[in-house]
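Student: Pasting in a structure now, in structure tokens, and then I'll have a few things to ask.
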Amino acid sequence: MSPERPLIGIVEDDAIMGESLVQSLTLEGYAVHWWQNGASAMGEIETLRPDLVVCDIRLPDADGQTVFKTACNAGGKAPFLFITAYGDIDQAVGLMRAGAGDYLTKPFAMEDFLNRARQLLDSGQRDQPEGLLGISRPMLELEALLRRLAQRPSSVLVAGETGAGKEVCARFLHANGPQRNAPFMAVNCAAIPDNLLESEIFGHERGAFTGASGRHLGYAERARGGVLFLDEIGELPLPLQAKLLRILEERRFTRLGGEQSLAFEARLICATNADLQKAVRDGRFREDLYYRINVVSIEVPPLRERPEDIGWLMQRFFTEFSASMGVELRGIGSLTEEVALAHDWPGNVRELRNRVERGVALALGDMLMPADLFPEYRSTSDETAAIASLAEVREAAERRQIERALAETQGQMQAAARLLGVSRTTLWEKLRRYGLTAGLTD
């Protein structure tokens, strides 16, 4: 932030909205520059170097994303506060994932706008992730996004494969939000029989059904002002989907067999490993409910797509279980890490955690070795025959990294070579070796 009055750039084509923002910010003591189209902003933003940019996503000659990219490419470090209509929330969330500061949906209270602008200016730069969920780029970006979403009451849908860490992300949202001291109530919709699920979520009164000997408070009520986390939401029966939709629309519910309407005060976070859009097409999931729970959606990447996190997670789990079990092991063998990198991890982080826990508990030596992590190796008479050589493991890891770089650069060799830190010639030789030359561009 400059030592003088902070300069706020506004990119807004609506005259009434623009004048209102300029007036409010000026009264707060800020210097303000207003661009009424994207071209003017992109032509001057590098020169003016504002401390904060307030930008409408939809502009007559461009969009907010283009303005944001132009500012970033010019070396600008000012946070962006996007103004968006309800239908553009997904795009706004994508821009936050790319590094934007925050967004507000129209209509908004001017006090909310000024508070958020003040917070972004006070930060001096966009928030940096701390690496609590992982050290890979996808997880650092996800953590930064979750920190911003934590301050908002919107419903969130967390998607990802089984064991990838969806509930961990939900708990992270809860722990970093204003409701952190309120309850976090988790319900696995696939683990509770259908005939009991309604009672477990919404509660019941005495005599509501055979065996209901007393009043039972459901998860929705016990969550109070905290978080109600519904895991495997795709398994929720259709009749309960209708009741959940009602609770989201009216923010009220009734216990099974009851007459009194109760307030629903919690934030709803749902998780799924299923394709809910396909479930909607197949008639297994209500379309109106899908859009209500999918106000903001995030995707937790599988562990195989973020190999940088494998060693980091192994060390964390190793430290945790060594301490809790009182086991004195010197560490994790380098060959163990190589073998772990070559594994596909179909069970994701949950599988890794379980394997490390078992390995620490039953390790034969003073180091965690491959056969401790993967006991199936011991099923052969020659243990070493079941373990890949270091060369094979390194080649597999190298191929995976090359495939990730090509995917990120859409098959552009020069860009992929820069990401991998090798020359174009070296990359081409490796591509030929691994049979990955199809669909490449210069």
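Student: How far apart, in nanometres, would the label points at SER261 and GLN36 be if each is projected 7 angstrom from Cα along the Cα-to-Cβ direction?
Tutor: The modelled label-to-label distance comes out at 4.7 nm.
Student: I need the Kirkwood Rh of the chain: take the reciprocal of the average 1/r across all distinct C-alpha pairs and report it in angstrom.
Tutor: Numbers: mean 1/r = 0.0395 Å⁻¹.
Every distinct Cα pair counted, the radius reaches 25.3 Å.
Student: Listed highest first by mean packing, meaning other Cβ atoms within 10 Å per residue, what order do 221-227, 266-272 come in? Show your work: numbers first, answer last.
Tutor: Working: 221-227: 18.3, 266-272: 25.3.
Result, highest mean first: 266-272, 221-227.
Student: Next question, about the same structure. Which FRET efficiency value, to the nearest 0.05, is calculated for ARG251 and ARG316 with the Förster distance at 45 angstrom and r the Cβ-Cβ distance?
Tutor: Efficiency, rounded to the nearest 0.05: 0.70.
Student: So, one more: Please compute the Cα-Cα pair-distance distribution of region 26-120 with 5 Å bins starting at 0, giving whole percents from short to long.
Tutor: It works out to 2, 13, 26, 26, 21, 10, 1, in whole percents.
Student: With loop defined by DSSP as not H, G, I, E or B, and exposure as at most 14 other Cβ atoms within 10 Å, which is the longest segment of the chain clear of exposed chymotrypsin sites (Phe, Trp or Tyr not before Pro)? Working shown, then result.
Tutor: Values: sites that count: PHE108, PHE209.
Counting at most 14 other Cβ atoms within 10 Å as exposed, the longest clean stretch of the chain is 210-442.
Student: Scale the Cα Rg of region 109-207 by the rule-of-thumb value 2.2 N^0.38 Å and send over the ratio, two decimals.
Tutor: 1.40
Student: So for ARG286, ARG152, what's the accessible-area order with a 1.4 Å probe, most first?
Tutor: Working: ARG286 80, ARG152 50 Å².
Ranked from most to least accessible, the order is ARG286, ARG152.
Student: Using 0.36 nm per residue, how much length does the chain from SER24 to ASP288 gain when fully extended, once their Cα-Cα distance is taken away?
Tutor: 91.3 nm
Student: Under 17 Å between alpha carbons, and skipping anything fewer than 8 positions from LYS77 in its own chain: which aspartates and glutamates qualify?
Tutor: Output for LYS77: GLU44, GLU46, ASP51, ASP102, ASP122, ASP127, GLU141.
Student: Follow-up. If you project the alpha carbons of region 216-327 onto their three principal axes, what span does each projection cover, largest first, in Å?
Tutor: Its Cα atoms span 55, 36, 21 Å along the three principal axes.
Student: Taking the chain as a Gaussian network, Cα atoms linked when under 10 Å apart, which of ALA340, ALA98, ALA15 shows the biggest mean-square fluctuation?
Tutor: It is ALA15.
Student: Would you mind checking the pairs LYS166/LYS278; LYS106/LYS243; LYS243/LYS278 and listing those with alpha carbons more than 25 angstrom apart?
Tutor: Over 25 Å apart, Cα to Cα: LYS106/LYS243.
Student: Report, largest value first, the span of the C-alpha coordinates of region 262-379 along each principal axis, in whole Å.
Tutor: Dimensions of region 262-379 along the principal axes of its Cα atoms: 56, 33, 25 Å.
Student: Now, a different point. Which GluC sites (Glu not before Pro) from region 311-349 combine a DSSP loop assignment with at most 14 other Cβ atoms within 10 Å?
Tutor: Counting only loop positions with at most 14 other Cβ atoms within 10 Å, the GluC sites (Glu not before Pro) in region 311-349 are GLU328.
Student: Next question. For LYS430, LYS69, what's the largest-to-smallest order of accessible area, 1.4 Å probe?
Tutor: Details: LYS430 55, LYS69 115 Å².
Ranking LYS430, LYS69 by accessible area, largest first, yields LYS69, LYS430.
Student: Using only helices, what value at 222 nm comes out for the chain when you add -39,500 (n - 2.57) per DSSP H run of length 4 or more and divide by the total residues, to the nearest 500 deg cm²/dmol?
Tutor: Result for the chain: -14000 deg cm²/dmol, rounded to the nearest 500.
The values are calculated or read from the model by the stated rules, or taken from the named source; none is laboratory data. Just so we're clear, the structure is a prediction, and the values are computed from it rather than from any experiment. Cβ: placed from backbone, ideal geometry, glycine included. Neighbour counts: every protein chain shown. Calculation scope for accessible area: heavy atoms of the full protein, side chains included, ligands and nucleic acids excluded. Shrake-Rupley method; radii C 1.70, N 1.55, O 1.52, S 1.80 Å.
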